[in-house]
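Chemist: Dropping a structure here in structure tokens format, bear with me for questions.
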Amino acid sequence: MTVNDRLHTELWTSWASLLRSYAAAHGLSATQHAVVEVSADQITLRVGSRWLKFTEHEMQYGSTQEIDEAPRAFALRENGTVTINGGQEEEMDLAAERLAREMLHPPQ
């Protein structure tokens, strides 16, 4: 395993942990709870019938009741930030909190 591979593994594990922590925190005031499933090549945040899936290069929202949205570009950066859909870099913890909040408290 190279340094880049080890760094990617550490960032991937950290991203999953941040999603799990913020989903649990937002779940305290939500009507549903979240489940975070983690593998070496995919992280999925599930809330009821909705899900948010991450791979090394993509992020995709979906639902068992609707047609899935098109994947968006996703990247974990070496400096501890993420980029989504080519947007500005965002701190990993802030992005994870925002995404967990959006999944557990969707707009009505």
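Chemist: Hey, among the residues in region 14-44 that are more than 15 Å from Phe74 (Cβ to Cβ) and open to solvent by 80 Å² or more (accessible area, probe 1.4 Å), which one's modelled with the highest pLDDT?
Modeler: Arg20
Chemist: Can I ask one more? When region 56-81 is examined, which residues are found to be under 10 Å from the mean Cα position of the chain (by Cα) and within 17 Å of Leu18 (Cβ to Cβ)?
Modeler: The answer is Met59, Phe74.
Chemist: Then there's this: Return the total of residues in region 62-91 being at pLDDT below 95, of a type in the set (Ser, Thr, Tyr) and either open to solvent by 30 Å² or more (accessible area, probe 1.4 Å) or closer than 18 Å to Trp12 by Cα (or both).
Modeler: Total meeting the criteria: 1.
Chemist: Any residue in region 68-81 that's farther than 10 Å from Leu7 by Cβ: show its pairings with residues that are surrounded by 12 or more Cβ atoms within 10 Å (Cβ to Cβ) and of a type in the set (Gly, Ala, Ser) at Cβ separation under 7 Å, as long as the two are six or more apart or on different chains.
Modeler: What qualifies is Asp68/Gly62; Glu69/Gly62.
The values are calculated or read from the model by the stated rules, or taken from the named source; none is laboratory data. A quick note: this is a predicted structure, and the numbers were derived from the prediction, not measured. Note that each Cβ is placed from the backbone with ideal geometry, even for glycine, and that neighbours are counted across all protein chains shown. SASA here: full protein model, heavy atoms, side chains in, ligands and nucleic acids out. Shrake-Rupley method; radii C 1.70, N 1.55, O 1.52, S 1.80 Å.
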